[in-house]
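Trainee: My structure is below; once you've seen it, I'll send some questions.
The values are calculated or read from the model by the stated rules, or taken from the named source; none is laboratory data. Note that this is a predicted model, so its numbers are computed, not measured. Cβ atoms come from the backbone with ideal geometry, glycine included; neighbour counts cover every protein chain shown.
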Amino acid sequence: MLRREILRPDGSISGDSGPVLSIQETLDALERMLLSKRIDERAFSLQRQGRMGTYSAVRGQEASVVGSSLALDPSVDWIVPQYRELPALLRHGLSIEGFLSYWKGNSEAARIPDGVKVLPPQIGLAAQLPHAVGLAWGLQLQGDPGAVMTFIGDGGSSEGDFHESLNLAGVMKAPVVFLLQNNGWAISTPRSKQSAADTFASRGEGYGVPSILVDGNDLFAVSAAAREAVGRAKSGEGPTLIESQTYRLGAHNTADDPSKYVDSGEKLQWEELDPIPRVISYLRARDAITDAEIDDIEARNEAEVARAVDVLDTIGPASAETLFDHVSSTMSIRLRRQRDQILKGASR
Amino acid sequence: MSSFEYRLPDVGEGLDAAEIITWHVSVGDAIVPDQVLADVETDKSVVEVPSPVEGTVAELTGAPGDLIDVGAVFAIITVSDEATHEPAPASPPSPDEGDPYATMAAPEAETAATAQDGVGEGPSAAGAGESDALVTPRRVLASPATRRVALGLGVDLASVRGSGPGGRVTKDDVHRHIDDAGSSSAGSEPAVADDPPSAATRPAPPESRDTTVTPLRGLRRQIAKNMVASWTSVPHITDFREVDATALVAARRTVNAHLADSGRDEKITFLPFLVRAVSIALATSPKFNASLDMEGEEISYFGPRNIGLAVSTDAGLFVPVLKNSQAMSLVGISQASEALADRARNRTISSEEMSDGTFTITNYGSYGGWLGTPIIRPPESAIAGFGKIEDRVVAVNSAPAVKPILPLAVSADHRLIDGADMGVFLRTLTNLLEDPVRMMAEDF
């Protein structure tokens with residue numbers, strides 16, 4: 001399968017592709033990518049200071065996440081996330097502090113605001129995919145104009161849920177886009193040990209699901225692929241599987257130490273392919289951005305993150321009773337007894 | 001100006017301590033939020049610990065190599081009052097006045113703030129000279145069941161040293177606290193806290209001894225880690241034998257007489273015979289001179305027989321390795337093993353001299369032991385322990401007789417070695433030791 005590429009690492013455009021995004025759209029996308037990067041840095045630091053729990057950074061995958069989300073209309077389309085798609089969720093209407101509250105363990109503060117078409121993060125591998133297919137199928141049955149984009153990784157694609165979801169989505173022609181971010185690593189399991197298949201995209205064929213292979217560090221190629229897939233979903237043609245080939249430039253999460261298993265040579269190669277500098281090079285070549293304007297973006301992002309962290313610091317731990325909420329429709333006697341004991345203050 | 005006490009956060013997940021690797025700042029340095037203060041090593045990895053505040057470093061509470069508990073003061077930072085916009089401390093657990101269990105903890109522990117308190121407080125918050133209990137006031141961690149037990153026994157949980165994760169107090173801790181306090185009369189009769197038993201009814205404590213706590217460091221820490229790694233990863237089987245050592249005692253006497261006759265001022269112990277016998281038995285039972293690798297799913301059978309000799313020193317156990325033991329004479333083994341043991345005792349032994357062992361001998365007879373259950377040293381697959389040779393009454397031709405008996409125990413990795421293998425190895429070993437002349441028949 002041919003990999004789709006548009007924006008070269010040096011910022012030039014390959015072949016005769018027309019522009020996928022306007023200059024203004026590209027500038028907006030760059031701002032989102034840089035914001036994502038800044039949140040990653042800050043969130044890691046907060047975790048190291050004990051001010052937040054575990055956090056999974058997006059670093060390296062900004063083009064993949066931002067680029068795919070640009071195809072979505074937040075007023076009708078849904079995102080069913082995994083846990084490493086922060087900038088897409090922000091575009092859809094989530095707040096930084098809301099998302100980080102989840103990682104601080106406060107599910108009340110992390111509640112998705114009404115009207116924001118995003119499901120909660122999913123840590124269990126691939127468990128979000130059946131939800132995504134069900135949601136998409138439901139939209140179809142209700143005659144809703146929306147489509148669903150769900151995210152999965154190379155590791156998650158080895159789970160049974162992945163295969164069942166692709167199969168059902170294909171059969172029902174559910175309006176869903178499976179955005180598979182192949183970032184090279186499933187925690188410490190390398191791509192080479194994940195699957196013998198040449199590409200993850202090739203798995204779609206077995207389920208009758210059209211597939212696209214794309215350079216995941218190429219903002220334009222990812223955007224174009226996502227646009228095509230969302231268009232197919234909305235025109236009743238069913239699901240698409242997109243393999244976005246990118247690379248996790250940091251740790252799996254704050255509890256991980258990649259220096260123990262990542263080959264530094266391989267990482268260096270991927271750093272050359274960093275998705276952010278190539279967007280800047282593209283804009284520079286068209287005199288569409290200056291250093292001062294980049295500084296302005298960074299300053300705006302810095303202020304926004306500082307504001308969010310100030311709010312985050314006021315959010316305390318979740319109350320103990322929330323452990324029991326929204327899990328069982330009717331609580332068992334034992335569970336109720338445990339909750340009552342906790343509410344009496346016997347233990348926190 | 002005020003002081004911010006930076007307490008070491010849990011930089012991993014559920015860790016209780018971290019070792020300082022490097023400080024990136026010095027006392028007097030001006031620092032900004034998110035600036036890295038130090039690299040610390042946890043059980044998982046080396047991570048950078050950044051500062052939550054802007055200010056000046058007033059004190060660093062440890063040197064590289066020191067272990068710092070999570071929650072202990074890690075650095076003290078002087079912050080200007082207008083700069084104390086962050087971080088807001090997590091809200092402390094609110095004291096519940098109606099909770100009968102909550103009153104078990106000291107009131108000040110209930111109401112004091114948690115870990116990152118201290119922003120904007122007066123300089124006294126530094127509390128450098130205060131006792132640990134005062135510097136880290138926090139609600140006592142304990143399960144409801146433990147609180148109930150403590151309530152029944154009239155024990156103030158705040159005064160109990162918790163042995164659980166994060167200092168959590170367990171029921172055992174409560175009982176131990178009572179035992180340590182000498183108030184063994186507490187029993188099942190609930191004591192009333194503000195009506196202690198009179199001196200007349202309380203048995204006098206046998207001897208007043210203070211409980212001391214020392215950090216787990218250096219060799220002891222390494223030994224502890226190794227033992228846990230072996231005990232939790234290797235399924236041990238241990239088999240025991242008692243060997244008639246009559247001929248062995250005679251053989252040693254003969255060798256020492258030979259040394260004396262040839263004008264050499266040295267004697268050998270039983271150890272060289274044990275090494276030689278083990279060396280021959282390993283050649284006939286290769287699984288005992290092998291290593292099982294679960295991850296790589298392979299078994300390595302070692303060519304050389306490098307025998308580790310457990311040596312007790314003041315600092316703890318050392319295991320120098322007698323390389324290529326199969327190539328040495330009895331006297332050669334004796335000289336080499338004594339030289340290694342000396343170097344271990346005066347800590348001049350190199351790590352090379354303690355590596356590449358393929359089998360280990362431990363001699364608990366040297367401190368009077370009879371039989372024991374030796375713990376294997378991974379990646380080795382087996383270990384032999386020898387007791388003290390002593391006269392015992394044994395049955396000889398249906399009649400009791402007194403003979404010198406050498407007790408021995410061999411522990412083996414049951415993933416690799418079955419009971420039948422153990423039988424073969426022990427038969428070879430005991431045959432050689434009961435009749436040392438047999439050793440002459442074999443290639444070593």
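Trainee: Do we have any residue at all in region A:230-252 that's more than 16 Å from the chain's Cα centre (by Cα), modelled with pLDDT under 95 and more than 26 Å from A:G18 (Cβ to Cβ)?
Mentor: no
Trainee: I'm trying to understand the selection: among the residues of region B:36-61, which are at pLDDT 90 or above and more than 13 Å from chain A (Cβ to nearest Cβ)?
Mentor: B:G55, B:T56, B:V57, B:A58, B:E59, B:L60
Trainee: May I pose another question? Counting just the residues of region A:314-328 that are in a loop (DSSP other than H, G, I, E, B) and within 14 Å of chain B (Cβ to nearest Cβ), which one comes out surrounded by the fewest Cβ atoms within 10 Å (Cβ to Cβ)?
Mentor: Among those residues, the one meeting the criterion is A:S319.
Trainee: Sticking with this structure for a sec: Return the residues of region A:3-41 that are more than 15 Å from A:P87 (Cα to Cα), free of Cβ contacts under 8 Å to residues at least 40 places away in the same chain and among the charged types (D, E, K, R); say none if nothing qualifies.
Mentor: A:D16
Trainee: Now for a different question. Can you find a residue that is in a loop (DSSP other than H, G, I, E, B), in the same structural domain as A:R227 (by TED's automatic domain parsing) and of a type in the set (A, V, I, L, M) anywhere in region A:27-46?
Mentor: No, that holds for no residue.
Trainee: In region B:20-38, what residues are surrounded by fewer than 17 Cβ atoms within 10 Å (Cβ to Cβ), assigned to a strand (DSSP E or B) and touching a Ser or Thr at 6+ places or on another chain (Cβ under 8 Å)?
Mentor: Of everything in region B:20-38, just one residue is surrounded by fewer than 17 Cβ atoms within 10 Å (Cβ to Cβ), assigned to a strand (DSSP E or B) and touching a Ser or Thr at 6+ places or on another chain (Cβ under 8 Å), namely B:A30.
Trainee: To continue, here is another question. I'm trying to understand the selection: among the residues of region A:232-254, which are more than 14 Å from chain B (Cβ to nearest Cβ) and either more than 30 Å from A:Y207 (Cβ to Cβ) or among the acidic types (D, E) (or both)? Talk me through it step by step, then tell me what you get.
Mentor: Pass one, region A:232-254, residues more than 14 Å from chain B (Cβ to nearest Cβ): A:232-249.
Scanning region A:232-254 gives A:E237, A:E243, A:L249.
Condition check ((1) touching a Gly at 6+ places or on another chain (Cβ under 6 Å); (2) within 14 Å of another protein chain (Cβ to nearest Cβ); (3) surrounded by 15 or more Cβ atoms within 10 Å (Cβ to Cβ); (4) in a loop (DSSP other than H, G, I, E, B)) across all residues:
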{"residue": "A:D256", "(1), (2), (3), (4)": "no, yes, yes, yes"}
{"residue": "A:K267", "(1), (2), (3), (4)": "no, no, yes, no"}
{"residue": "A:V279", "(1), (2), (3), (4)": "no, no, yes, no"}
{"residue": "A:L283", "(1), (2), (3), (4)": "no, no, yes, no"}
{"residue": "A:D296", "(1), (2), (3), (4)": "no, no, no, no"}
{"residue": "A:N301", "(1), (2), (3), (4)": "no, no, yes, no"}
{"residue": "A:L312", "(1), (2), (3), (4)": "no, yes, yes, no"}
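Trainee: Given the options B:A310, B:A327, name the one that is surrounded by fewer than 14 Cβ atoms within 10 Å (Cβ to Cβ) and touching a residue at least 40 places away in the same chain (Cβ under 8 Å).
Mentor: B:A327
Trainee: List the residue pairs whose Cβ atoms are under 6 Å apart, where the first residue sits in region B:30-57 and is within 27 Å of B:M1 (Cβ to Cβ), the second is among the basic types (K, R), and the two are 6 or more positions apart or on different chains.
Mentor: Correct list of pairs: B:V49/A:R48; B:P50/A:R48.
Trainee: Can you tell me which residue within region A:47-64, out of those that are of a type in the set (S, T, N, Q) and not in a helix (DSSP H, G or I), is nearest to A:A221 (Cα to Cα)?
Mentor: In this case the residue turns out to be A:Q61.
Trainee: Here's something else I'd like to know. Would you please name the residue that is farthest from A:L249 (Cα to Cα), looking only at residues in region A:190-207 that are of a type in the set (K, R) and crowded, with 16+ Cβ neighbours inside 10 Å?
Mentor: If we take residues in region A:190-207 being of a type in the set (K, R) and crowded, with 16+ Cβ neighbours inside 10 Å, then A:R203 is farthest from A:L249 (Cα to Cα).
Trainee: Does any residue of region B:376-396 turn out to be of a type in the set (F, W, Y), touching a residue at least 40 places away in the same chain (Cβ under 8 Å) and not in a helix (DSSP H, G or I)?
Mentor: Yes, because at least one residue in region B:376-396 is of a type in the set (F, W, Y), touching a residue at least 40 places away in the same chain (Cβ under 8 Å) and not in a helix (DSSP H, G or I).
Trainee: Here's something else I'd like to know. Away from every other protein chain (no Cβ under 14 Å) and β-branched (V, I, T), is that true of A:T290? Lay out the reasoning, then the answer.
Mentor: Working: away from every other protein chain (no Cβ under 14 Å): yes; β-branched (V, I, T): yes.
Criteria met by A:T290.
Trainee: Next question, about the same structure. Condition test on A:F44, is it free of Cβ contacts under 8 Å to residues at least 24 places away in the same chain and either farther than 23 Å from A:V230 by Cβ or surrounded by 19 or more Cβ atoms within 10 Å (Cβ to Cβ) (or both)?
Mentor: It is false that A:F44 is free of Cβ contacts under 8 Å to residues at least 24 places away in the same chain and either farther than 23 Å from A:V230 by Cβ or surrounded by 19 or more Cβ atoms within 10 Å (Cβ to Cβ) (or both).
Trainee: Can I ask one more? Does A:S12 fit the bill of being surrounded by fewer than 22 Cβ atoms within 10 Å (Cβ to Cβ), in contact with a helix residue (DSSP H, G or I) (Cβ under 9 Å, 6 or more places away or on another chain) and among the polar types (S, T, N, Q)?
Mentor: Yes: the conditions hold for A:S12.
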